[in-house]
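The values are calculated or read from the model by the stated rules, or taken from the named source; none is laboratory data. All of these numbers come straight from a predicted model, not from anything done at the bench. Note that we place each Cβ from the backbone using ideal geometry, even for glycine, and neighbour counts take in every protein chain shown.
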Amino acid sequence: MIDTPPDPSLAQEQVIERKLLECGLKAGEFTVRYEDYLQSIEVVITSGAEATLELFPCIKEAAFPEIVTFEDGAMFQQYRDFESELARPRILADAEAALKNYGRWEGFPLRDDFAALDSYAQALERHLGFAPGSLFEVSGNGLSFNPPLEDFLAARSYERYAPVMAAMMYASASDKVQFFFIGNEKIAE
């Protein structure tokens with residue numbers, strides 16, 4: 001009897017493709033390929049794949065931990081919302097633990113307790129040990145994180161701003177407050 005080597009295992013892309021077909025996606029209407037610029041496999045699903053909201057759990061499981069995108073912008077946003085809801089309990093637990101560790105959990109302000117967004121921002125700043133108006137600016141329906149640049153870039157700023165990041169995580173996950181970041185253009189000024 002001659003021993004033959006085992007069949008080579010299917011490439012990860014082929015495994016994901018098979019699982020997506022089992023989910024009910026239409027063949028030829030999605031791609032699964034490694035993308036160098038992402039350093040990951042990307043699954044791109046077209047409108048012709050006949051994906052529905054009901055298929056999201058199966059798609060997530062089939063492709064995890066790889067990147068899933070939809071060509072249809074509205075469907076992609078719905079999928080991102082689905083993923084956010086899956087992650088919400090872990091984000092809340094992690095942010096709460098961090099806030100407790102930093103001594104900023106007790107009395108944490110909740111958005112629903114404030115009629116105006118700017119009042120909430122000021123309460124959050126006070127709670128975090130900053131002067132009202134020094135960290136956040138109202139920007140549409142959200143808050144821009146805009147600390148004094150020299151303070152934020154200073155040595156040992158991590159200790160000062162780590163609780164702020166945890167608070168923003170908690171507020172965005174629990175109260176669905178949107179936070180925006182001022183980009184690197186501020187440094188160039």
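Per-structure values
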quantity	calculated
Per-region count, the stretch 124-139, residues within 25 Å of the chain's Cα centre (by Cα) and either outside any loop (DSSP other than H, G, I, E, B) or free of Cβ contacts under 8 Å to residues at least 12 places away in the same chain (or both)	7
Check on P65, under 22 Å from E13 (Cα atoms) and not in a helix (DSSP H, G or I)	yes
Unique match (being among the aromatic types (F, W, Y), in contact with a strand residue (DSSP E or B) (Cβ under 7 Å, 6 or more places away or on another chain), surrounded by 12 or more Cβ atoms within 10 Å (Cβ to Cβ) and farther than 30 Å from V44 by Cβ) among F180, F145, F108, F152	F145
Counted residues, the stretch 18-45 - those being among the hydroxyl-bearing types (S, T, Y), farther than 11 Å from I67 by Cα and assigned to a strand (DSSP E or B)	1
Pairs with Cβ under 8 Å, 6+ apart, first in the stretch 79-101 and modelled with pLDDT of 95 or more, second surrounded by fewer than 12 Cβ atoms within 10 Å (Cβ to Cβ)	F82/L53
